[in-house]
Structures are given as structure tokens and as C-alpha cells.
1. If each residue's Cβ is checked for other Cβ atoms within 10 Å, how do 109, 31, 97 rank with the fewest at the top?
2. If the chain between residue 100 and residue 64 were fully stretched, how many nm would it gain, using 0.36 nm times the residue separation less the Cα-Cα distance?
3. Going 7 Å from the Cα of residue 12 along its beta-carbon direction, which residues of segment 33-71 have the amide nitrogen within less than 14 Å of the resulting point?
4. Quick check on segment 2-113: take the gyration tensor over C-alpha atoms, sort the square-rooted eigenvalues as a ≥ b ≥ c, and tell me if it's rounded (a/c under 1.5), prolate or oblate.
5. Please give the FRET efficiency for residue 82 paired with residue 55, using the beta carbon to beta carbon distance and R0 = 25 Å, rounded to the nearest 0.05.
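What follows draws every value from the coordinates through simple rules; no lab data is involved. Here the structure is a predicted model, which is why all the values come from computation and not from measurement. Heads up, the Cβs are rebuilt from the backbone with ideal geometry, glycines too, and the neighbour counts pull from every protein chain shown.
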């Protein structure tokens, strides 16, 4: 529990509230890691995850982040794909003595990244 508490105090997540209740949160690290992306199950499919991801990507653009990445569960994979993330690698991770499949997914901001031989155009 100590490790979890330490991780939570080291991040500055974006919080989604609905009628004073926290219904989701997500964190964007300076290196582009999207961490702790969570939406309460009772409030899924209500646009909360979309609002959090849209906010994260807008903040990343302001911070000039060119490369985003996340460790994504099987259930979250289609959501991340909807936002342009691609699977780089399928992984087997151990959580509380169970092996689970998750995915290392990445997304590049093409406007900031630029293409070889071309200058990026910021809109």
C-alpha cells in the first residue's frame, strides 16, 4: 500500500467530477506517459473518458509533447485506438498473483513531430 500511496502523491492528475463526486482521473507525465487513466464503472460511456483524454491531449500540445504512450488494459484498448493510439507490444503482466494481458500503446502528434524533409505546421 505504501508504494501505491507514494505513486498517487507524486502525480498531479486531472480530476473529473460529476455533482461533487470524483468519477474519473488521469495523469500526463512530462515524458508523454498517460498514467492512472480511470473512469468509474458506473459512469462509463457518459463521455468522461473522452473529456479526460481530450484534455490530456490539449495539455500535451501546450507542453509540446510529441509522443504519448500508455500501458493499456484489454478493455481500454479500443478507447485508446479511437484516439489514434497504436499497439506497439502485447504484454503479460502479473497483478496480485494473476497474469493479465495488456498493451504498450503509442501515439505521435504528427503536427509537432514533423515528417522527414518537411517542416511541421502548427495550426
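1. Details: 109 18, 31 9, 97 5.
Placing the least packed residue first, the sequence is 97, 31, 109.
2. Full extension from residue 100 to residue 64 adds 9.6 nm.
3. 59-60, 63
4. On the way: a/c = 1.33, a/b = 1.04, b/c = 1.27.
The shape class here is rounded.
5. Numbers: r = 16 Å, r/R0 = 0.62.
With R0 = 25 Å, the Cβ-Cβ based efficiency is 0.95.
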